[in-house]
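Chemist: One structure follows; several queries about it will come next.
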């Protein structure tokens, strides 16, 4: 085979092999624990397609939806009395070991921008930052309003001891009866300084 034919065919074969290797990842939504990726750990924001990183837990339904402008929102729906008391027994975000290490022994603020869903919207939502083995913030309950609003709480994260246990942020609608749902636009973690 002549060089004029061999090298273009070899290049074409290499390009095809690269495309076949990356094809499964094209268009796939982000999943897995929330990580800071070595960025500025003073403020970590989860929004857009990254809201897909939520784990449903329990019998909740979580779904990434788009509003009229094309913005990704996280839809969370639950039936009454179907979720356990621990944050990971319902809808939650798992924080990766880099965030767990950066937040260990720190005073943090958690802010969630949310509102009731259009159908069967919840009037309240609950948030809980859990360190797994070392305790949690307790469930913080917020009264929702019809438009997207920011709801925040602060927590002194205990110093991490031993192996990583994965920190969680539990987020769920309050469901007094039947079923209720919320929409989440953004979640932000801010490191405010050492725990006092």
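Since every read-out is calculated from the coordinates, none of them should be taken as a lab result. Values in this document were obtained by computation on a predicted structure and should not be read as measured data. Cβ coordinates were reconstructed from backbone atoms using ideal geometry, including for glycine residues, and neighbour counts include every protein chain displayed.
Chemist: In what order do 3, 143 fall by count of nearby beta-carbon atoms within 10 Å, going from fewest to most? Don't skip to the end; give the middle numbers.
Modeler: Values: 3 7, 143 10.
By the 10 Å Cβ count, ascending, the order reads 3, 143.
Chemist: Rg (Å, one decimal) plus Dmax (Å, integer) for the alpha carbons of region 104-190?
Modeler: Over region 104-190's Cα set, Rg and Dmax evaluate to 14.1, 44 Å.
Chemist: Still on this structure, I have one more. Springs between alpha-carbon pairs under 10 angstrom, Gaussian network model over the chain: which of 80, 122, 60 fluctuates most?
Modeler: Looking only at 80, 122, 60, the biggest GNM fluctuation is shown by 80.
Chemist: Among 114, 106, 17, 123, rank each residue by its count of other Cβ atoms within 10 Å, from fewest to most, as a rough exposure measure.
Modeler: Details: 114 26, 106 19, 17 9, 123 13.
Lowest count first: 17, 123, 106, 114.
Chemist: Also: For a quick check: sort 111, 62 by the number of other beta carbons within 10 angstrom, fewest at the front.
Modeler: Ascending number of Cβ neighbours within 10 Å: 111, 62.
Chemist: Normalised by the residues of region 30-194, what does the relative contact order come to in percent, with Cα pairs under 8 Å and at least six apart?
Modeler: On the way: 426 pairs, mean separation 54.5, N = 165.
Across region 30-194, relative contact order equals 33 percent.
Chemist: What do you get when you divide the Cα radius of gyration of region 54-168 by 2.2 N^0.38 Å, with N the number of residues?
Modeler: So region 54-168 has a normalised radius of gyration of 1.12.
Chemist: Right, another one. Quick check for you: which residues of region 75-101 have the amide N under 18 Å from the point 7 Å beyond the Cα of residue 123 toward its beta carbon?
Modeler: Only 78-81 pass the distance filter.
Chemist: Based on a Kirkwood Rh over C-alpha pairs, give the Stokes-Einstein translational diffusion coefficient of the chain at 4 °C and viscosity 1.567 mPa s in µm²/s.
Modeler: Numbers: Rh = 18.4 Å.
It diffuses with D of about 70 µm²/s by this estimate.
Chemist: Related question: Per 0.36 nm of contour for each residue apart, how much would the distance between residue 10 and residue 79 grow if the chain were fully extended, relative to their Cα-Cα spacing?
Modeler: Length gained, residue 10 through residue 79: 19.1 nm.
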